[in-house]
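Read-outs: derived from the displayed coordinates by stated rules, not from any lab. Computed from a predicted model, the values in this text were never measured in an experiment.
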Amino acid sequence: MRTYLYDGNFESFLTALSLALEHQEDCAIARAGGAGAEAGLFSEFVNAGTDPARAAAMREFFEERGSAESWHHARFAFLSEAAGAEDAVLAYARLIKEKGRAADDMLADPRVKKVQDLSRSVGGEAHMFKGFVRFKELADKTLYARIEPDHNILPLLTGHFRDRLGEFSWIIHDARRGRAALCSGGRLIYAPITQEKALEFDGREAAVQALWRHFFKTAAIKERTNPRLQRQNVPLKYRKNLTEFD
């Protein structure tokens, strides 16, 4: 079986997807260096590289052969980083190639259900994190936030905070993936962070955090405390990066 390898970024994945979609025989897509890229007796591996034209054509394929919703689901499913997500998107793309716009109405089809379930999971987490990101002010006045989401939602958060924070310089650090989004002067870049250095925070930051925790406790109505509902709305796994739960 032929397996197309991509380098981890979305444009490279779309290039691999384009190549796989052109072939009728069984094939797969795997991230280079990942579990699916292990050599086998009957395996053929092809490095897809990154072709911006092919990547753009794949977006056009999803939006025109399918719909804007098809493109949304394919992109979000990829960002899930779930095991088998790449092949799930490939199967979904093959169905769209065959059925066109009608594919997204085939909700009982496992190829559609798998991709839409992944998409919803990613979208739900991204929506939650718009309220979970907590910025702290560094000594140079840059705002810094550390997150550890299950999915690769960093690209889905940046537009929201770019609009909200205006001319402030800020960093959102996805510690689980060792990457960060940095915005300064309206310019947004993504960069790897291989090691967390000791951060120097503004001298007033500790006092501001203490005030926020005091407000959080004071605003709570003791008689209406519902730990079970709180855990549902603010899962324990996210709390270590939330100031009010320090």
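Just want to confirm a number: the relative contact order over the stretch 59-137, from Cα pairs under 8 angstrom separated by 6+ residues, in percent. After rounding, I find 35 percent.
Centre-to-centre, using Cα atoms only, the stretch 1-32 and the stretch 89-141 are separated by 19 Å.
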